[in-house]
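The values are calculated or read from the model by the stated rules, or taken from the named source; none is laboratory data. Bear in mind the structure is a predicted one, so any value in this text is a computation, not a measurement. Cβ sites come from the backbone with ideal geometry, for glycine too, and all protein chains shown count toward neighbours. Only protein heavy atoms, including side chains, enter the accessible area calculation; ligands, DNA and RNA are left aside. Shrake-Rupley method; radii C 1.70, N 1.55, O 1.52, S 1.80 Å.
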Amino acid sequence: MNKINGKTKLIGFFGSTYKSSKMYKLYNTAFEALDLNYCYVPCAVDDLEKAFSGVLHLGFRAIGVSFPYKESIIPYLDELEPEAAAIGAVNVVTHQNGKLIGGMTDGLGAVCALEEVVKIDGSTVVVLGAGGAAKAIAYELSKHHCSLKILNRTIEKARDFAQKIDAQSNGYDILPQVVQQADILINATSVGMYPDAGACLVDESLMSSKITVMDIIGKPHETELLKRAKRAGSKVIYADRMLLHQAIVKFKYYTGVDAPIAVMEKVMQDMRE
Ligand code: NAP
């Protein structure tokens, strides 16, 4: 356990999963590995405004933010980084010189996970979904030279965001054609998430060894989409790679130093077993 004393820098976590999330293990083990005097604490937030007053007055250095606060915290912040401003959601808040600054690491985490196994530049990428996570991923992908298609059940949501980042948008009626032509397919919807783990938007016959398939749903670890993709011979990327990479990015926000990646990878693996 990290040594706690009067100089310990506090990192909080605000999210409905504060009791069940194991991310405190990931960060606290990483702080200890680098002998950093930091402590990551899941917080029971009952009043967001008062909780933010606590962030300022108790000297928290940063806050990790998750559902349901990703959008509702924005009015309490002084500044937003470009990713957070474009998406309208925040998953990390840093406290710098009395100012609260919101950032968003989901997109970069997903892109880093993709880059481990596939080349993004020059590829055709299909993103399923137009919620917060899908937008964050599409925004980060739009910085690459790829052909980007966003498909969503509510077409207007996909269209509104796609216009901002120069992507194409559609409903699921054209899913079969676009998936067959894609190099990369990302499920960023909640379809297939526990307890509805049998649900899947994509037929197995549409996938092949030519496509890389990523699902950002973490529970179950292997979603129905990834099961189908594996049977079809596709490369697959699990949600915990995105989670790991965005935690690596957040670690730098929290401490200003590079994360001990091997240590964090080992903790993630232990958490899954
Ligand atoms: P969100 O903002 O609520 O968006 C949900 C998305 O799923 C929307 O595009 C929604 O479509 C779609 N959807 C929901 N039910 C559907 C259905 N029955 N049929 C078709 N589409 C449906 O949620 P989010 O924050 O983006 O999160 C989405 C998923 O990503 C969750 O499972 C979350 O746990 C996961 N996630 C993972 C990470 C990670 O690091 N691995 C990070 C963030 C989120 P409509 O717009 O039509 O409603």
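When restricted to residues that are surrounded by 13 or more Cβ atoms within 10 Å (Cβ to Cβ) and part of a loop (DSSP other than H, G, I, E, B), the range 184-210 contains 14.
The residues of the range 94-120 that are open to solvent by less than 20 Å² (accessible area, probe 1.4 Å) and either within 16 Å of the ligand (Cβ to nearest atom) or at pLDDT below 95 (or both), listed by number, are LEU100, GLY102, GLY103, MET104, THR105, ASP106, GLY107, GLY109, ALA110, VAL111, ALA113, LEU114. Is one or more of the residues making up the range 92-106 within 26 Å of TYR76 (Cβ to Cβ) and in a helix (DSSP H, G or I)? Among the residues of the range 92-106, at least one is within 26 Å of TYR76 (Cβ to Cβ) and in a helix (DSSP H, G or I), which makes the answer yes. Going by the structure shown, is GLU222 part of a loop (DSSP other than H, G, I, E, B) and more than 8 Å from the ligand (Cβ to nearest atom)? It is true that GLU222 is part of a loop (DSSP other than H, G, I, E, B) and more than 8 Å from the ligand (Cβ to nearest atom).
Being at pLDDT 95 or above and surrounded by 13 or more Cβ atoms within 10 Å (Cβ to Cβ) holds for only one residue in ALA62, ALA44, and it is ALA62. For the range 227-239, the condition holds for at least one residue, the condition being that it is at pLDDT 95 or above, in a helix (DSSP H, G or I) and within 15 Å of the chain's Cα centre (by Cα). Take the conditions near the ligand (Cβ under 10 Å from one of its atoms), part of a loop (DSSP other than H, G, I, E, B), at pLDDT 95 or above and buried (at least 24 other Cβ atoms within 10 Å of the Cβ) and apply them to ALA134. Does it pass? Taking the combined requirement at face value, the residue does not satisfy it. Here is a check on your reading of the model: is ALA86 in contact with a strand residue (DSSP E or B) (Cβ under 7 Å, 6 or more places away or on another chain) and either buried (at least 19 other Cβ atoms within 10 Å of the Cβ) or not assigned by the TED database to the domain that holds VAL191 (or both)? Answer is no for this residue. Within the range 192-207, if we keep just the residues that are within 14 Å of the ligand (Cβ to nearest atom) and among the aliphatic types (A, V, I, L, M), the residue that is nearest to the chain's Cα centre (by Cα) turns out to be MET193. The numbered conditions (1) in contact (Cβ under 8 Å) with a residue 24 or more places away in the chain; (2) of a type in the set (Lys, Arg); (3) within 14 Å of the ligand (Cβ to nearest atom) are all true for LYS210 except (3). Of all residues in the range 169-191, those that are within 8 Å of the ligand (Cβ to nearest atom) and among the small types (Gly, Ala, Ser) total 2.
Suppose the filter is part of a loop (DSSP other than H, G, I, E, B) and surrounded by 18 or more Cβ atoms within 10 Å (Cβ to Cβ); does ALA259 pass it? Judged against the criteria, ALA259 is a match.
Within this structure, LYS164 fails the test of being within 24 Å of ASN91 (Cα to Cα), within 15 Å of the ligand (Cβ to nearest atom) and open to solvent by 10 Å² or more (accessible area, probe 1.4 Å).
Picking from residues in the range 137-153 that are more than 22 Å from LEU206 (Cα to Cα) and outside any helix (DSSP H, G or I), the one that is farthest from the ligand (Cβ to nearest atom) is HIS145. Scanning the range 219-231 finds one or more residues that are among the β-branched types (Val, Ile, Thr), open to solvent by less than 20 Å² (accessible area, probe 1.4 Å) and farther than 30 Å from PHE60 by Cα. What do you reckon, is VAL127 assigned by the TED database to the domain that holds GLN177, β-branched (Val, Ile, Thr) and buried (at least 20 other Cβ atoms within 10 Å of the Cβ)? Spelling it out, VAL127 is indeed assigned by the TED database to the domain that holds GLN177, β-branched (Val, Ile, Thr) and buried (at least 20 other Cβ atoms within 10 Å of the Cβ). Would it be correct to say that GLN269 is more than 14 Å from the ligand (Cβ to nearest atom), open to solvent by 40 Å² or more (accessible area, probe 1.4 Å), modelled with pLDDT of 95 or more and assigned to a helix (DSSP H, G or I)? No: the conditions fail for GLN269.
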